[in-house]
Amino acid sequence: MQALTNRVIAVNRKPITFVESLYLWNILKGMMTTFSHIFKKKPTIYYPEVKRPFSPVFRGLHVLNRDEEGRERCTACGLCAVACPAEAITMEAAERVEGEEMLYREEKYAAKYEINMLRCIFCGLCEEACPKDAIYLSETFAPANFNRRGFIYGKPDLLIPNPLSQAADLALAKGN
Amino acid sequence: MTLLSIDTALVIEKLILIAVIIFASLGIALYTTFAERKVAAILQDRPGPNRAGPFGLLQPFADGLKLIAKEEIIPSGANKWLFILGPGLAMTAALMTCAVIPWGDKVELFGRTIALQVADINIGFLYIFGVVSLGVYGVMIGGWASNNKFSLLAALRGASQAISYELAMGLSMIALLMMTGTLQLGEIVKQQTGPGHHWNVIYQPLGFLIFLVCAFAECNRTPFDLPEAENELNFGYHQEYSSMKLGFYLFSEYINMFISSAVMATLFFGGYDLPFFNPANHTPNFAATIGIITLMAKVVMFIFFFMWVRWTVPRFRYDQLMNLGWKSMIPLALVNMLVTAVVILMRH
Ligand code: SF4
Ligand code: SF4
């Protein structure tokens, strides 16, 4: 029969030799192998104390952005929800009223904005779809929780701190 | 009434010795569980348990606490008394063997000479044999009383394995017995100590090998841990057990390992004898301390060996186990016995 790839290895069907049938020699060889592992370097990362750095393109937990004046950028256009392959995003739009210009950048805003982190596959398509630079994937991941409700992130969880009124919090969130 | 006069001091002395030995055995077994996990981890390039206490040293206590805190379940179909008796028997049998092992030479305390051995009975060999065979009843009763077919199968396996390997073990011991001419463990150690005397392993390498393999089988250690073969029998004979009763079973395995290491060290590696160290040149207490430390070092080495093998060799298949036992071990032990007999005859 012709081999399909060049990586075929024929099964060794030779009857075991006398030395092999004694077991002892081969067990000794195996024990030497395991013994050599005592001196090997352990690849373990001691997690809570040591953390592996994320790559700069890591796609983690979402944040909702604000502009320089601290106004929410999202205009509740729904493009992210449409783009989302996992249907993780829902929102409710509302119209900005007189006197809310410092809160919302556009005339329409998201009154409710929720991402279900259990559905999300962290593909980043929402980030790409957004015309307003409002949603970004950060470099952290969703922490564990005791119930499902805790994985549905609303606006308070997602919005970044206001760069004007909460500058210190923002610096902290950015990790510097 | 001199026949019934009891030396009270002797009784107290022995009771203290028994308590010390039992607690030491339990403590060592406790830390053997920890060592097992550490050795496994190190052989597999992992750090192993390192969270409870410094270097994870409190891990065995955490494990014990967890086992105690678990719910105690007795299956409704189980035979209640036998179900409770099983783990107790396994534990008792495991601990009983330490009575005849000479842990060291004599010490002198409060003007008394105390032998560091609970009972230097003249049938020490046979006693160990008897108690080791009792140990299998723990497995048998536990497996039978659980009213679970997996447990029962595992118990049957355990029993047949123990019987097969006890034969070879006994034969290898007979060869040793012919050489030493005594069944008394204290005497056997004395024959191996002192200048001009050699450890029995030099005269009986094959006997030692057979004894070692059989000890693995008797302790239900990998590669012969068929009574607890997870992949075919779920959890083996202690499947239905929970809480501390399960703990007793697991624990007795480690005590067994400790005791058989001590027995092997005593029979073949000179017990508390340290080569090139003459106890006659030192005070008895110092010599005894050195002796105990030596014996413990040998035991630790054996325990490490047990673990090393466990994390290297995969489990035997049941028919392979029986083949090895009946077709290799027993004939080998017989040959060993014959050769020993011929050599002894020729030297006379
Ligand atoms: S990252 Fe992907 S899956 Fe997650 S919310 Fe955005 S589009 Fe949906
Ligand atoms: S996050 Fe962006 S895409 Fe999604 S609704 Fe808001 S503005 Fe539109």
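Where a number appears in this text, it was derived from the coordinates with a stated rule and is not lab data. As the structure is a prediction and not an experimental result, all values here were calculated from the model. When we count neighbours, we look across all protein chains shown, and the Cβ atoms used for this are built from the backbone with ideal geometry, even at glycine.
Is the shape of the range A:123-162 best called rounded, prolate or oblate, per the rule: a/c under 1.5 gives rounded, else a/b larger than b/c gives prolate, else oblate, with a ≥ b ≥ c the square roots of the Cα gyration tensor eigenvalues? Prolate, because a/c is 1.5 or more and a/b exceeds b/c. Each Lys and Arg Cβ is given +1 and each Asp and Glu Cβ -1; about its Cα centre, the range A:62-174 then shows a dipole of about 460 debye. Close amide H pairs (under 5 Å, H built 1.01 Å from N) link A:Ala111 with A:Glu92, A:Ala93, A:Ala94, residues at least 5 positions away or on another chain.
If you average the C-alpha positions of the range B:23-65 and of the range B:135-166 separately, how far apart do those two centres end up, in angstrom? Computed from Cα coordinates, the inter-centre distance equals 28 Å. Judged by a Cβ-Cβ distance under 4.7 Å, the unpaired cysteines of chain A are A:Cys74, A:Cys77, A:Cys84, A:Cys120, A:Cys123, A:Cys130. Ranking B:Thr222, B:Gly247, B:Met257 by how far each Cα lies toward the positive end of the dipole of chain B (charges on Cβ) leaves B:Thr222 at the top.
Sorting A:161-170, B:158-167 by their mean Cβ neighbour count within 10 Å, with the most densely packed peptide first, gives B:158-167, A:161-170.
Residue by residue along A:47-60, Cβ atoms of other protein chains within 10 Å of the local Cβ number 0 on average.
Within the straight-line cut-off of under 12 Å between alpha carbons, the aspartates and glutamates reachable from A:Lys174 are A:Glu139, sequence neighbours fewer than 8 places apart in one chain being disregarded.
Between A:Thr140 and A:Ser165, what FRET efficiency follows from the Cβ-Cβ distance if R0 is 25 Å, with the result rounded to 0.05? It comes to 0.60. The angle between the Cα long axis of helix A:24-36 and the longest principal axis of the Cα atoms of chain A comes to about 30 degrees, rounded to the nearest 10. Cβ-to-Cβ counts within 10 Å put A:Lys132, B:Lys66 in ascending order as B:Lys66, A:Lys132, the fewest first. Looking at the square roots a ≥ b ≥ c of the eigenvalues of the Cα gyration tensor of the range B:206-272, which shape do they give, rounded for a/c under 1.5, prolate if a/b is larger than b/c, or oblate? Since a/c reaches 1.5 but b/c is at least a/b, the shape of the range B:206-272 is classed as oblate.
Taken about its Cα centre, the protein assembly as shown carries a charge dipole of roughly 1420 debye when the Cβ of each Lys and Arg holds +1 and the Cβ of each Asp and Glu holds -1. Its Cα centre serving as origin, the range A:1-136 has a Cβ charge dipole (Lys and Arg +1, Asp and Glu -1) of approximately 1780 debye.
With a 10 Å cut-off around each Cβ of A:16-25, the average count of Cβ atoms from other chains is 1.
Within the listed set A:Leu103, A:Leu24, A:Leu61, the residue fluctuating most in the Gaussian network model of chain A (springs between alpha-carbon atoms under 10 angstrom) is A:Leu24. Cα centroids of the range A:62-125 and the range B:88-134: 77 Å apart.
Taking chain B as the region of interest, the number of lysine pairs whose Cα atoms are within less than 15 Å, with members eight or more places apart or on different chains, is 5. Here's the list of lysines a cross-link from A:Lys108 could span, going by alpha-carbon distance under 16 Å and ignoring same-chain residues fewer than 8 apart: A:Lys132, A:Lys155.
Ranked for footprinting exposure by Cβ neighbours inside 10 Å, fewest first, A:Tyr47, B:Tyr203 give A:Tyr47, B:Tyr203. On the basis of the beta-carbon distance and an R0 of 41 Å, A:Val57 and A:Thr33 show a calculated FRET efficiency of 0.55. Averaged over peptide B:36-48, the number of partner chain Cβ atoms lying within 10 Å of each residue's Cβ comes to 3. Run the quick spin-label model on B:Leu109 and B:Ile22: label points 7 Å from Cα toward the beta carbon, then report their separation in nm to one decimal. Once both label points are built, they end up 1.7 nm from each other.
Our summary gives chain A a relative contact order of 24 percent, counting only alpha carbon pairs under 8 angstrom and 6 or more residues apart. Computed from Cα atoms, the angle from the helix B:330-347 axis to the main principal axis of chain B rounds to 0 degrees.
Simple spin-label estimate for B:Leu156 and A:Glu69 gives 8.5 nm between the two label positions (7 Å along the Cα-to-Cβ direction from each Cα). With R₀ fixed at 51 Å, the C-beta to C-beta distance from B:Leu57 to A:Thr90 puts the FRET efficiency at about 0.50. Helix B:243-268 and the longest principal axis of the Cα set of chain B meet at an angle near 30°. In terms of surrounding Cβ atoms within a 10 Å radius of their Cβ, A:His37, B:His198, B:His348, A:His62 rank from fewest to most as B:His348, B:His198, A:His37, A:His62.
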